[in-house]
Amino acid sequence: MMNITEVLGEDGLFQQQLSGFKTRPQQIKLAEKIAEVIEEQSVLIAEAGTGTGKTFAYLLPALLSDKKIIVSTGTKTLQDQLFTKDIPKLLEMLQIKPKVRLLKGRNNYLCLHRYHQASVMPISRFPENKSLFKHLNNWIHHSIRGEVSEFINQVENRQVLTNLTSTPENCLGAECDNYNECFVYKARRRALDADLLVINHHLLFADMAIKQGGFGELLPKADVIVLDESHQIPEIAGRFFSQLFSSRQCNELLSDLLTEAGEVEAAFATIAEAHEQLKRALRDVTLAMSQMPERESSKRLFQTPIIIETFDLLLHQMKLLHSALEPLVVQSSGLQNLYLRLDGMVMLLEDMMQQGEGNYIYWFEAREKYFALHKSPLEVADPLSNFRAPLETSWVLTSATLTVDGSFSHFQQQTGFEPADTLLLDSPFDYQQQALLLLPKELPEPSDYEFNKAMFEYVTPIIEAAKGGVFFLFTSHRSLQMAAHHFRNQLDRPIFVQGEQDRNQMLEGFRQAGNGLLLGAASFWEGVDVAGASLSCVIIDKLPFAHPGEPVLKAKIEYINKNGGKAFFDFQVPKAIISLKQGAGRLIRGENDQGLLVICDRRITSKSYGQTFLNSLPDMKTTHDRDQAINFLSCI
């Protein structure tokens, strides 16, 4: 078996077989450290700058170790890229044939039970769905993996997917008549014998959450777990260790109950009155909630008389329906499943109304026709540590953005990955030669009413000077929309605005345009790769501090301050730095790329904490002179 240097080093296998491959000391160092951690069964947290080649740096030692491996990625797109491109390429060069499997969350697979139900319901005869159901009638007999992505182009109304996929709540499991043919369980059975299993973080944390509840597991045991894009872990883990009670869940239960009861003789007559009364109670709650703020802590919510009254009635009607269902559970597995779902929802709603657990923040969302009650953990370090404790597993966590001012401590405190080996590797790109950072000093404070107008006028000559494309990244959708209105009247170049078309279509159009202006918010700050001349400038409007009024963040700030910390410096600044590093990382994606980074927020130079932001960015030349920046752009 070959070693790391024989594959990645000078005159190694990659250099011989991969056109354009260059040996990178950072990649070799990372791969060798990962091999060491796998051997010692320990934990490694590694930040490796853009261009290091992290993917092959973790895949190579993992595959050479001859151990059972799970690789978890940040998105399904990265997951598919690993499975269809990177891993096959590596296996071909190494001439080895381990069992490689791909596993996604259940909502990525067609549910045969729900499809057969939907195919005889009015939804299958809706004009926009007719061709889809005609296609699926043939597709289900030929598809091997059963993934929704295989027929997604046939779907006109995405809402129909809820009728074609299952959730943990409505899945009948082994009681289902289609269990042996089920695409989800076939995928999981294939995953069990994998030498290398590729998943995503959402599935990993779904598995952790299930194990926390003492239930069976989704994923096989592994000797090595690699978490790529690890900076996403605190947020995704927080979501999966949270609980949710929503109007959508209630409506789905009522809809599924109609379908299942309709298949059992006289069943619906038994529950019809309770079903109708619950529907009315749900309407009353939804109407009352529509008068509430959009997002807020639930503390005051359940001190409001109309809210208490409508939720009390909703809970009462749920219990009456639960009682009406009880004698029917022996008649079908579907009705039994619904009885158990309703039982769980009753207990959850009682908990949400009482707000009894001190380590959680209870909060709500409210819109015109939708509401949700949330229960989110104040921190995820303990549940993550509890999950990891009994596992005899090597953990490798990688990302280009984990450190704050060169330290991993913020990430480790958030995730509980302590103790751990840490490794910080700079990008192999020459930022001093390839990039310039412009920090305007003449713009007003971001809180100033005139900030957006002044910023748009300031950056217009810069955008006009850029020969390639420009990314303009925003911290709010309101500012993004103002920019769209402003620049459409000012610039003679293609403009791409987030929300006006599909994200992938936008990016493809931007790449092809060559000199486009893309206006994007949160989802364009990371996971977007535009290399070469198609992107020569990235502009960031403000330092990406999360909105302090957001209920979970507000509760965390209060919690940290109450326990002797300084939330602004201990939590808010580090969180914003990680986001800024992601946004800035869009600029230089290849060793021949050149570009200008503009950060329009004067706080980065006027506030004491600004230096910590600058210390966390790649080492590049800095200017405060717009003319110098324009001259730099004209030379690339």
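Bear in mind that the values in this text are calculations on the coordinates, not laboratory data. None of the values given here were measured: they were computed from a predicted structure. Virtual Cβ from ideal backbone geometry, glycine too; neighbours counted across all protein chains shown.
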Study note, to complete from the structure: Once the in-chain neighbours fewer than 8 apart are removed, the aspartates and glutamates whose Cα is under 17 Å from Lys581 read Glu47, Asp228, Glu229, Glu235, Asp405, Asp426, Asp430, Glu526, Asp529, Asp541, Asp601, Asp619
Check your understanding: Longest exposed-loop-site-free stretch of the chain, with trypsin sites (Lys or Arg not before Pro), DSSP loop and at most 14 other Cβ within 10 Å?
Key -> 100-220
Exercise for review: Rounded to whole Hz and in sequence order, give me ³J(HN,Hα) for region 541-558 from the Karplus expression 6.51 cos²θ - 1.76 cosθ + 1.60, θ = phi - 60°, writing x for Gly and Pro.
Suggested key: 6, 9, 4, x, 6, 5, 5, x, x, 4, x, 5, 4, 4, 5, 5, 4, 4
Review point. Taking Cα atoms, how many degrees apart are the long axis of helix 451-465 and the longest axis of the chain, rounded to 10 and kept between 0 and 90?
Key: 60
Revision key, fill the gap. Length gained if Ile306 through Arg367 is fully extended, taking 0.36 nm per residue and subtracting the Cα-Cα distance, is 20.3 nm
Review point. So which of Lys279/Lys554; Lys369/Lys556; Lys542/Lys621; Lys33/Lys621; Lys554/Lys607 end up more than 24 Å apart by C-alpha?
Key: Lys279/Lys554; Lys369/Lys556; Lys33/Lys621
Study note, to complete from the structure: Ranked on Cβ counts within 10 Å of their own Cβ, fewest leading, Val155, Val120 go Val120, Val155
Study note, to complete from the structure: Loop-resident GluC sites (Glu not before Pro) in region 474-573 with no more than 16 other Cβ atoms inside 10 Å, DSSP not H/G/I/E/B, are Glu500
Practice item. Go through region 473-490 residue by residue and turn each phi into a ³J(HN,Hα) via Karplus (6.51, -1.76, 1.60, θ = phi - 60°); whole Hz please, and just put x for glycine and proline. Key: 9, 10, 8, 9, 5, 4, 5, 4, 5, 4, 5, 4, 5, 5, 6, 5, 8, 10
Review point. How large is the dipole of the chain about the Cα centre if only Lys and Arg carry +1 and Asp and Glu carry -1, each at its Cβ, rounded to the nearest 20 debye?
Key: 720
Revision key, fill the gap. Exposed-loop cut sites defined as chymotrypsin sites (Phe, Trp or Tyr not before Pro) in DSSP loop states with at most 14 other Cβ within 10 angstrom; longest site-free run of the chain spans 216-448
Review point. Candidates [x] 30.3; [y] 27.7; [z] 35.4; which is the computed mean projected area of the Cα convex hull in nm²?
Key: [x]
Point to revise | J(HN,Hα) series, region 307-320, from Karplus relation 6.51 cos²θ - 1.76 cosθ + 1.60, nearest Hz, glycine and proline x | key: 5, 4, 5, 6, 6, 4, 5, 4, 4, 4, 5, 5, 5, 5
